[in-house]
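For reference, the structure discussed in these notes is given below.
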Amino acid sequence: MRWLWVVLILAGCSAGQGGPPTSSAPSTDEGWQVTVYYTAVESFHSGPSVPVRGCPVIDCENGHDLLGNFPQSFAKAVKDEGTGRTNSGRYLNWSHDKGYWLDSAPRDSFGRPLRPFVSAAADGLKTGSRIKLVSCGQTPEGTNVDSTVCQKLASSSWEITDEFTPGLGGRRHIDLYLGEETGPKFTESPWYTTLSEAVLEIHQPS
């Protein structure tokens, strides 16, 4: 992966004595890679089913209970993305340190419900940092980003509430949560995108 090194432009800030705690002034940072993640939906998957074993409740790690038989592509998508909604309405979640488990909501790394077009993960930024996408940059192939996708990502207010699976993050890499996939072959749609050389406005908590 090629990383672009840029100068981080920091704006100074000041706070009056005795005032309430405030976040630092925003910084504009260039050269970011932006990826997305989503909640898989079982009804959009077909093909051979496989048994999935894990924990029937969230307060458990690396269980061996049979959680159900699911389409193989759905089970793989849950492992890749971290969460999926089953036909029963419950969620099949996965993390590198817990394996699969059944839940009532899609969860971030800290056990909180994921919020579409809000939740995000990034190494090196404090939890609670607020992010705006100032420029979508371009695709890794050097083409323009789909305009509808860019407009939605740029108009959303993101917050660092999640963490990368170890080994998948890296310097100037942010992952944005889209919510549920919207149809079959979602990963072939414009929404499942990667942006390069994007520009972010970052508000980090003091």
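Descriptive notes on the structure:
- Overall, the stretch 98-184 carries a charge dipole of about 360 debye about its Cα centre when +1 sits on the Cβ of Lys and Arg and -1 on the Cβ of Asp and Glu, all other atoms neutral.
- Per residue, the stretch 81-206 exposes an accessible area of 48 Å² to a 1.4 Å probe, with every protein chain left in place.
- Each label point was placed 7 Å from the Cα along the Cα-to-Cβ direction; for D123 and R90 their separation is 3.5 nm.
- What the Cβ-Cβ distance of D59 and S156 gives, at R0 = 30 Å and to the nearest 0.05, is a FRET efficiency of 0.40.
- Shape of the stretch 76-122, Cα gyration tensor, a/c cut at 1.5: oblate
- Over 22 Å between alpha carbons, listed pairs K98/K126; K98/K132; K76/K98; K79/K185: K98/K126; K98/K132
- Three-way shape call for the stretch 79-206 based on the alpha-carbon gyration tensor, with the a/c threshold at 1.5: oblate
- When each of the peptides 68-75, 110-117, 93-100 is scored by the mean number of other C-beta atoms lying within 10 Å of its residues, the order from highest to lowest reads 68-75, 93-100, 110-117.
- Cα gyration tensor, the stretch 16-163 - rounded (a/c under 1.5), prolate or oblate: oblate
The values are calculated or read from the model by the stated rules, or taken from the named source; none is laboratory data. None of the values given here were measured: they were computed from a predicted structure. Please note: Cβ atoms are built from the backbone with ideal geometry, for glycine as well, and neighbour counts cover all protein chains shown. Surface areas here come from the heavy atoms of the whole protein model, side chains and all, with no ligands, DNA or RNA. Shrake-Rupley method; radii C 1.70, N 1.55, O 1.52, S 1.80 Å.
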